[in-house]
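Worksheet for the structure shown next.
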Amino acid sequence: MARWEPGARERLVLAAVDLFTEQGYDTTTVTQIAERAGVTKSTFFRHFPDKRELLVAGQETLSQLLAEGIRAAPEAASPLQAVASGLERACEAMGPANRALGPRLKAAVAASTELQERDALKSVGMAAAMTEALLARGVPEVQAHLAAELGVMAFKRGYASWAEADPEGAGDLWGHTADAFDELRTAGASLS
């Protein structure tokens, strides 16, 4: 096994998701994940404190990108326009590897209550990052929370659509997320 082979973190995530799907989260061990990824157990622990953290790998980066995009939105942007800016920034950072992981991750999460809880915490983290960035722009608290939650829903719907699309015509994540965001904004406007 290569000790410092590049891409170890990504290989660990893919190996874990596949093993969680094949044999269940509870029966999958750190040793099995490391072996499947072609790294040592100590390499696993350099990247993750435990197997639960594999599901939220990249959450901090995603939240940071969302917040950066909101902060970079034009000063005159509405809260929803600022959220769209955050979503676009985060989507631009995701490529084919993220897309390929989608169906595998969905299957692993569906099979484990603990992973479903971790996935829910990931959504909470995304919403919190966007809410904080909106509050820093002077958006009132209720509007900031609502706009952030709408952004989370749009991201999740866009990602699901992108991951399930035919690889030949999938396009980029931002296109799917922008469509989902527009659909949700229209649906929200029809509620009154």
TODO: Express the carbon and sulfur contribution to the solvent-accessible surface of the stretch 65-156 as a percent, rounded to the nearest whole number, probe 1.4 angstrom.
DONE: 59
Open item on the list: Would the stretch 23-132 count as rounded, prolate or oblate if I go by the C-alpha gyration tensor, calling it rounded below 1.5 in a/c and otherwise prolate when a/b exceeds b/c, oblate otherwise?
Closed with: prolate
Task: Between helix 8-23 and the chain: long-axis angle, C-alpha atoms, 0 to 90°, nearest 10 - done: 80
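Given a 1.4 Å probe, how much area per residue of the chain is accessible, in Å²?
With the other protein chains kept in place, the chain gives 53 Å² per residue.
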TODO: Tabulate in residue order the Karplus-calculated ³J(HN,Hα) for the stretch 70-83, using 6.51 cos²θ - 1.76 cosθ + 1.60 with θ = phi - 60°, rounded to whole Hz; enter x for Gly and Pro.
DONE: 5, 5, 7, 4, x, 4, 7, 5, 6, x, 5, 5, 5, 4
- [ ] In debye, nearest 20, what is the charge dipole magnitude of the stretch 111-189 about its Cα centre with +1 on Lys and Arg Cβ and -1 on Asp and Glu Cβ, if you could check?
- [x] 300
TODO: Would you please classify the overall shape of the stretch 12-76 from the alpha carbon gyration tensor, given that a ≥ b ≥ c denote the square roots of the eigenvalues, rounded means a/c under 1.5, and beyond that prolate means a/b larger than b/c while oblate covers the rest?
DONE: prolate
TODO: Would you mind working out the magnitude of the charge dipole of the chain relative to its Cα centre, with +1 at each Lys and Arg C-beta and -1 at each Asp and Glu C-beta, to the nearest 20 Debye?
DONE: 480
Open item on the list: Just want the answer: with Cβ charges of +1 for Lys and Arg and -1 for Asp and Glu, which residue in Ser85, Gln116, Gly69 is farthest toward the dipole's positive end in the chain?
Closed with: Gln116
- [ ] Taking the Cα centre of the stretch 31-96 as origin, sum charge times position over the Cβ atoms of Lys and Arg (+1) and Asp and Glu (-1), and report the length of that vector in debye to the nearest 20.
- [x] 340
- [ ] Using only Cα atoms, find the angle between the long axis of helix 96-110 and the longest principal axis of the chain, and express it within 0 to 90 degrees, rounded to the nearest 10.
- [x] 80
Open item on the list: Treating the chain as a set of equal point scatterers at the Cα positions, no solvent, please give the Debye-formula log₁₀ I(q)/I(0) at q = 0.10, 0.13, 0.14 Å⁻¹.
Closed with: -0.45, -0.73, -0.83
- [ ] Could you pull out every one of the lysines with an alpha carbon less than 20 Å from that of Lys106, ignoring same-chain neighbours closer than 8 positions?
- [x] Lys51, Lys122, Lys156
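The values are calculated or read from the model by the stated rules, or taken from the named source; none is laboratory data. On a predicted model such as this, the values are computed, not experimentally measured, just so you know. FYI the Cβ positions are ideal-geometry reconstructions off the backbone, even for glycines, and counts take in every protein chain you see. Accessible surface areas use protein heavy atoms only, side chains included; no ligands, DNA or RNA. Shrake-Rupley method; radii C 1.70, N 1.55, O 1.52, S 1.80 Å.
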